[in-house]
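Enquirer: Right, I'll just put the structure down here and ask away after.
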Amino acid sequence: MTKILAIETSCDETAAAVIEDGQKMLSNVVATQIELHRRFGGVFPEVASRQHVLSIQPVITQALAQAGIDNVRALDAVAVTQGPGLVGSLLVGVNAAKGIAFASGLPLLPVNHLEGHIYSNWVEMPGKSGGHPTDNFPVVVLIVSGGHTELVLMTGHGRYRRLGGTLDDAAGEAFDKVARLLALGFPGGPAIQRAAESGDATRFDLPRALRHGEEHRFNFSFSGLKTAMLNLTRRLEQEGLDLQEPQLLADLAASFQQAVADVLVDKTADAASAFGARQVCICGGVSANACLRATAQQRFAALDILFYIPPFALCTDNAAMIGAAAYYRWQLEPTLGDSLGIDVYANLPLVGGEGETP
Ligand code: KG4
Ligand code: ZN
């Protein structure tokens, strides 16, 4: 059995987990910084890295204790997110991982954060069986987070072909910006979801961009939708309506959320049929969105395609997914463990070996 201690500090969550054989979650600790960043209306990089410095050691200690590990030498490797992300934040995790690996002689496994999100789909946690992906390739994966919107064809472990992505804002970024427009606060995704609960998603007809044409068949664009929301709210205010009136706010949030979910699911379903996918996975922070989950579940059930979406705890940033991705990549690249000299990268492509990379 292979036990990996995984560390993730790419943005504003300090996280550590112990994963067995790439799938079984023995512990998963996340210290979120949401409250710290709320007053800035977004993640403040310098504040994030300083908080990581304070949290990293207690979080790692807790992850090891919950997994019943009292000596790091009982582990087989240490994995850490190397990018993409905020450089100052990444450095804290990477330096902590290097320290443990150096002191204990364990291999150090660098992980791409996006590959981590992909593997969050197959992590087993209490009450949810992960389901091994091996028999179900090709898999179409949609990664939707605060920084990324990527449609990827996965033909095997570690084998990726980028099909498309956003031309402007990431889906999570669109949620965050529209939440600010509606004075809903940070982080925008959960705030919009809450506001939309009693909303009518059909009240406002919002654009679904790049739906037609070959060139951008698998690409996304959310800037038009954002502008449409801006123009709509201005018009409503000019008509004398109060945007904070609960039903109006709920209908605006619900209509926006449905517009995002529709394009994400349409294009993922189109890719799944174009490439004969045997499984579809959606992951990343935005995959926590109830409207997206329901829209996707309905669509892929109708298409009779196996559909995976992580449990809520694994949608947003966590270290369990980093441990899972590390395990599979280490199997593909046995020399990966000789990585004490690794650096961090704000932009790190998902290396796929299947042509174009994200
Ligand atoms: O994956 P993640 O935790 O960090 C990045 O790698 O970016 O994703 C964070 C993003 C934020 O933009 C946040 O607003 C969005 O995920 N998000 C949601 C929900 N929960 C988090 N978006 C929509 N609905 C949600 N329930
Ligand atoms: Zn992420």
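Enquirer: Determine which member of the set 326, 320, 271 is crowded, with 21+ Cβ neighbours inside 10 Å, in the same structural domain as residue 144 (by TED's automatic domain parsing) and on the phi < 0 side of the Ramachandran plot.
Expert: Criteria check complete, one pass: 271.
Enquirer: OK, next. Please list, ordered by first then second residue, the pairs with beta carbon atoms under 7 Å, 6 or more apart or interchain, first in region 101-118 and under 13 Å from residue 351 (Cα atoms) and more than 12 Å from ligand 1 (Cβ to nearest atom), second outside any helix (DSSP H, G or I) and open to solvent by 20 Å² or more (accessible area, probe 1.4 Å).
Expert: Short answer, once both residue conditions are applied: 110/82; 110/342; 111/82.
Enquirer: In this structure, is residue 75 surrounded by 22 or more Cβ atoms within 10 Å (Cβ to Cβ) and at pLDDT 95 or above?
Expert: Answer is no for this residue.
Enquirer: So, one more: Going through region 215-239 one residue at a time, which ones are surrounded by 14 or more Cβ atoms within 10 Å (Cβ to Cβ) and assigned to a loop (DSSP other than H, G, I, E, B)?
Expert: Across region 215-239, the qualifying residues are 216, 217, 218, 219, 221, 222.
Enquirer: While we're on this one: Going through 17, 31 one at a time, which residue ends up being in a strand (DSSP E or B), of a type outside the set (Asp, Glu), touching a helix residue (DSSP H, G or I) at 6+ places or on another chain (Cβ under 9 Å) and open to solvent by 10 Å² or more (accessible area, probe 1.4 Å)?
Expert: Checking each option against the conditions leaves just 31.
Enquirer: When you look at residue 42, is it surrounded by fewer than 22 Cβ atoms within 10 Å (Cβ to Cβ), in a loop (DSSP other than H, G, I, E, B) and either over 19 Å from the mean Cα position of the chain (by Cα) or in the same structural domain as residue 119 (by TED's automatic domain parsing) (or both), yes or no?
Expert: Considered against the rule, which asks whether it is surrounded by fewer than 22 Cβ atoms within 10 Å (Cβ to Cβ), in a loop (DSSP other than H, G, I, E, B) and either over 19 Å from the mean Cα position of the chain (by Cα) or in the same structural domain as residue 119 (by TED's automatic domain parsing) (or both), residue 42 comes out as yes.
Enquirer: State which residue pairs qualify: first residue open to solvent by less than 10 Å² (accessible area, probe 1.4 Å) and inside region 245-257, second residue of a type in the set (S, T, N, Q) in any location, beta carbons under 8 Å apart, and separation of 6 or more residues or different chains.
Expert: Matching pairs, first to second residue: 250/198; 252/233; 253/193; 255/202.
Enquirer: Only one of (1) in a helix (DSSP H, G or I); (2) free of Cβ contacts under 8 Å to residues at least 12 places away in the same chain is not met by residue 212, so which one is it?
Expert: (1)
Enquirer: If you don't mind, another one. Is there a residue being under 18 Å from the mean Cα position of the chain (by Cα), within 16 Å of ligand 2 (Cβ to nearest atom) and not in a helix (DSSP H, G or I) anywhere in region 171-182?
Expert: No: zero hits.
Enquirer: While we're looking at this one, here's another question. Within region 171-181, which residues are in contact (Cβ under 8 Å) with a residue 40 or more places away in the chain and crowded, with 20+ Cβ neighbours inside 10 Å?
Expert: Selection gives 171, 172, 173, 174, 175, 176, 178.
Enquirer: Being in a loop (DSSP other than H, G, I, E, B) and away from ligand 2 (no atom under 16 Å from the Cβ) is the filter; apply it to region 1-14 and report the residue that is least open to solvent (accessible area, probe 1.4 Å).
Expert: Restricting to residues being in a loop (DSSP other than H, G, I, E, B) and away from ligand 2 (no atom under 16 Å from the Cβ), the top hit is 2.
Enquirer: From 165, 188, grab the single residue that is open to solvent by less than 50 Å² (accessible area, probe 1.4 Å), within 16 Å of ligand 2 (Cβ to nearest atom) and modelled with pLDDT of 95 or more.
Expert: Every option except 165 fails the conditions.
Enquirer: Same structure again: Just name the residue that is farthest from ligand 2 (Cβ to nearest atom) out of those in region 275-293 that are open to solvent by 10 Å² or more (accessible area, probe 1.4 Å) and either closer than 17 Å to residue 136 by Cβ or without any contact (Cβ under 8 Å) to a residue 12 or more places away in the chain (or both).
Expert: 276
Enquirer: Output the number of residues of region 296-328 satisfying the condition of being outside any loop (DSSP other than H, G, I, E, B), more than 23 Å from residue 351 (Cα to Cα) and either within 11 Å of ligand 1 (Cβ to nearest atom) or touching a residue at least 60 places away in the same chain (Cβ under 8 Å) (or both).
Expert: Qualifying residue count for the region: 3.
Enquirer: Okay, next question. Name the residue that is farthest from residue 56 (Cα to Cα), counting only residues in region 93-121 that are open to solvent by 10 Å² or more (accessible area, probe 1.4 Å) and under 20 Å from the mean Cα position of the chain (by Cα).
Expert: Applying the filter and picking the extreme gives 112.
Enquirer: Taking the condition under 18 Å from the mean Cα position of the chain (by Cα) and hydrophobic (A, V, I, L, M, F, W, C), does residue 325 pass?
Expert: In short, yes.
Enquirer: Another one. Out of all the residues in region 49-71, is one or more part of a loop (DSSP other than H, G, I, E, B) and crowded, with 21+ Cβ neighbours inside 10 Å?
Expert: yes
Enquirer: Might you let me know whether region 335-355 holds any residue that is outside the structural domain of residue 179 (by TED's automatic domain parsing), on the phi > 0 side of the Ramachandran plot and at pLDDT below 95?
Expert: Within region 335-355, one or more residues are outside the structural domain of residue 179 (by TED's automatic domain parsing), on the phi > 0 side of the Ramachandran plot and at pLDDT below 95.
The values are calculated or read from the model by the stated rules, or taken from the named source; none is laboratory data. This is a predicted model, so every value here is computed, not measured. Ideal geometry is used to build each Cβ from the backbone, glycine not excepted, and the neighbour counts take in all protein chains shown. What goes into the accessible areas is simple: the full protein's heavy atoms, side chains included, and nothing from ligands, DNA or RNA. Shrake-Rupley method; radii C 1.70, N 1.55, O 1.52, S 1.80 Å.
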